[in-house]
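The values are calculated or read from the model by the stated rules, or taken from the named source; none is laboratory data. The shown structure was predicted, so the numbers you read here are calculated from the model rather than taken from an experiment. A quick note on method: Cβ atoms are made from the backbone with ideal geometry, for glycine too, and the neighbour counts reach across all protein chains shown.
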Amino acid sequence: MFILRIKNWDKFQHYKPMNAKYKKQMTWLKLYGGDILNDLEWFELSDTHKAIYIELLCLASQHEGNLPDMKKICFRLRRSVDQVETAFKALEHWLEDGVYTAYIPEYSREEKKRGTSIRFEEFWKSLLPKRRNNRVGCLDKWEIHNLDEKADDIIRWVKKMNITKEWKDGFNPSPEVIINQRRWEDGVININRFKGNML
């Protein structure tokens, strides 16, 4: 059972194993330097807490953004409970409570029989044909994130975005990006450019 998660992990981390040898472990993660250096909350952190945050990112990279229980965190980071608890308070800006994405280890995912999702099929059909790629990977992500519950919002957003000038001109994200970055939560862009009836 995980107790905390790195905030916005799914939006910013898009690791894809390129070699079968590395399938079971994320070997790199993204760190957006400009965002960090322009963040007042980061500037106010102590050097120790900045270091602990980077260590937590490394630990979370092994669990798809989730952090294990306190005992394991302390052991893996070689820090005391007091140090970690104090760091959590200082780092609350970069952490979130609970787990909204259940962690499924890579080996379990390979063994897991892929289900079928009627809602995923609706999502897939709502995409512009030229952007339908990596169907299997997208279905995997859809099931992992249990997006059937959000399907109405996602499909409605895609249909609205399909009629924007940007998407018609080809400036639309791949379905995998839509799922990974939870684009539907950002709302519809350039609503004034819509033509026809709102869906």
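In the range 117-150, how many residues are surrounded by 15 or more Cβ atoms within 10 Å (Cβ to Cβ), in a helix (DSSP H, G or I) and modelled with pLDDT under 80?
Qualifying residue count for the region: 1.
Residue by residue, here is whether (1) modelled with pLDDT of 90 or more; (2) surrounded by 15 or more Cβ atoms within 10 Å (Cβ to Cβ); (3) over 25 Å from residue 144 (Cβ atoms) holds:
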{"residue": "6", "(1), (2), (3)": "no, yes, no"}
{"residue": "34", "(1), (2), (3)": "no, no, yes"}
{"residue": "59", "(1), (2), (3)": "no, yes, no"}
{"residue": "69", "(1), (2), (3)": "no, no, no"}
{"residue": "73", "(1), (2), (3)": "yes, yes, no"}
{"residue": "76", "(1), (2), (3)": "yes, yes, no"}
{"residue": "81", "(1), (2), (3)": "yes, no, yes"}
{"residue": "85", "(1), (2), (3)": "yes, no, yes"}
